[in-house]
């Protein structure tokens, strides 16, 4: 536990923050359609590579981590699920 918040609670908050960041990125492209955590965002064309860079910057600011340029792969940003997995591995490293 961290500050009285169970580990699972942090994951829910992390997921919600990722969803908010993705929703803002989609809204900036004019895409107001709903999305599920497993929906494809990049491969489907809903988000372009520049949108992914904006999402990465927002994630780095929100969660205090950095991804090296050599480790950057847009496929890791294809869904909320994949972003949450990326965050979990980045925070553990």
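We did not get these values from a lab; they are worked out from the coordinates using the rules stated. The structure presented is a predicted model; accordingly, all values stated were derived computationally and were not measured. As a convention, Cβ positions derive from the backbone with ideal geometry for all residues, glycine included, and neighbour counts pool all protein chains shown.
Could the peptides 46-52, 29-35, 70-76 be put in order, highest first, of the mean number of other beta-carbon atoms found within 10 Å of their residues?
So the order, starting with the most tightly packed, is 46-52, 70-76, 29-35.
Computed extension length for residue 61-residue 28: 10.0 nm, one decimal, from 0.36 nm per residue of separation with the Cα-Cα distance subtracted.
Here r is the Cβ-Cβ distance between residue 49 and residue 13 and R0 is 35 Å; the resulting FRET efficiency, rounded to 0.05, is 0.80. Contact order for the stretch 7-92, expressed relative to its length and based on alpha carbon pairs under 8 Å spaced 6+ residues apart, stands at 37 percent.
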